[in-house]
Amino acid sequence: MRAALLLGALALGACAEPHRGPLERPDKAGAPVGIEERIAELERQAEGGTDPWPHYELAVLHEEQGDAERAIRAYGRAINLLEPRTYTAPVFRLGVLHDRLGNTEAAARCFQEVVATVAGDSRRYQENPHYRLAAVGLRAAWEDLGLTPRREEELADLRARFERDFGGTPEAWAAPPPWRAAPAGEGE
């Protein structure tokens, strides 16, 4: 019974972003831990280990600090330590970062990997927003790269899956990816 509960919990957790605590955590004396201390702690945890999540958390922190190069390396390490196509968060976030940096081909590869990720439970396709967002990001990247006849067919299939499996709407499909949308007040 206990094994079944553990397997059920693991199945539900697949394709999910790991829980991230606040960036500021109290140390033993109750004082908050600063970002540099948190990065150092995660680097110690990640060093030589096989746990992908310290690398993922480092990537997120580096990205939030504006260090794209270190973020890309840390996302890559996390992804390399994960079983292929099991979790969406690291690959999705790497794709968004590449897209923001103008690395459209790399972003498209990441987004393709996210939509190809197999969920342990079919409900996860609609519950996990990374699938919908990656599909919209992939559409935008392919449009930027130029639509060949083959890619137009793939895009039509992706749109059908977006609406059928991922729970997307025609309006969401047509909208720009949220990370590309102009901030409020621009373009008016």
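All of the numbers you see were taken from the coordinates with simple rules; none came from a lab. Every value quoted in this text rests on a predicted model; they were computed, and no experiment measured them. Glycine also receives a Cβ, built like all others from the backbone with ideal geometry; neighbour counts cover every protein chain displayed.
Tabulated values for the structure
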| quantity | calculated |
| --- | --- |
| Ellipsoid equivalent to the stretch 71-188 - semi-axes via the Cα gyration tensor, in Å | 21, 19, 15 |
| Diffusion coefficient, µm² s⁻¹, Stokes-Einstein with Kirkwood Rh over alpha-carbon pairs of the stretch 31-82 at 37 °C and 0.692 mPa s | 303 µm²/s |
| Label-point separation in nm, Ala156 to Trp173, each point 7 Å along Cα→Cβ | 1.2 nm |
| log₁₀ of I(q)/I(0) at q = 0.18 Å⁻¹ - the stretch 118-174, Debye sum with one point per alpha carbon | -0.58 |
